[in-house]
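S.K.: Please see the structure below; I have some questions.
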Amino acid sequence: MGSAVEKINKLLALPKGWDGYRAEPVTIEAGIAMVSVLFSVMDRRSLRPQLFPLANGGIQVEWHVGGSSIEIEVSADGHSGCALADGEGEVEVEFSIPILRDELAEFRRILLQFSVQAGRSFAR
């Protein structure tokens, strides 16, 4: 989790136009919301996510394993949503964050499954 927080801090330091065009700087609201989301869904066994700035000032986090993906997008105002997709790009689950207790348990289960699957892939 520490490396994800470090990456978020780096994203927060991006200037206006960081993409060479007119991208907005990542907002503190997006950074705080993403840290909150990651603390809610990750534990020490979780696969490390990839984090990316969005041109609107938000942040996107992704996990990819075996053709499947989990993506969470936090907008500049701190609102967020999540999508889980299979290898064919079909959305299996989509919900907004803050996640309800039952959805959070399901999300954690799926992320743990991703992490275990990734561990098996790397062990080969």
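The values are calculated or read from the model by the stated rules, or taken from the named source; none is laboratory data. All values derive from a computational prediction rather than experimental measurement. When we count neighbours, we look across all protein chains shown, and the Cβ atoms used for this are built from the backbone with ideal geometry, even at glycine. Keep in mind that these areas ignore ligands, DNA and RNA; they rest on the heavy atoms of the full protein, side chains included. Shrake-Rupley method; radii C 1.70, N 1.55, O 1.52, S 1.80 Å.
S.K.: Looking only at region 19-45, filter to residues that are in contact with a Lys or Arg (Cβ under 9 Å, 6 or more places away or on another chain) and farther than 19 Å from His79 by Cβ; which one of those is least open to solvent (accessible area, probe 1.4 Å)?
M.R.: Met42
S.K.: Does Val37 fit the bill of being assigned to a strand (DSSP E or B) and either among the charged types (D, E, K, R) or in contact (Cβ under 8 Å) with a residue 40 or more places away in the chain (or both)?
M.R.: No, not satisfied.
S.K.: Further question: Looking at region 62-77, which of the residues that are of a type in the set (A, V, I, L, M, F, W, C) and farther than 18 Å from Arg109 by Cβ is modelled with the highest pLDDT?
M.R.: So the residue we want is Ala76.
S.K.: If you go through region 15-33 one residue at a time, do you hit one that is out of contact with any helix residue (DSSP H, G or I) (no Cβ under 8 Å at 6 or more places or on another chain), at pLDDT below 90 and either in a helix (DSSP H, G or I) or farther than 27 Å from Ala118 by Cβ (or both)?
M.R.: Within region 15-33, one or more residues are out of contact with any helix residue (DSSP H, G or I) (no Cβ under 8 Å at 6 or more places or on another chain), at pLDDT below 90 and either in a helix (DSSP H, G or I) or farther than 27 Å from Ala118 by Cβ (or both).
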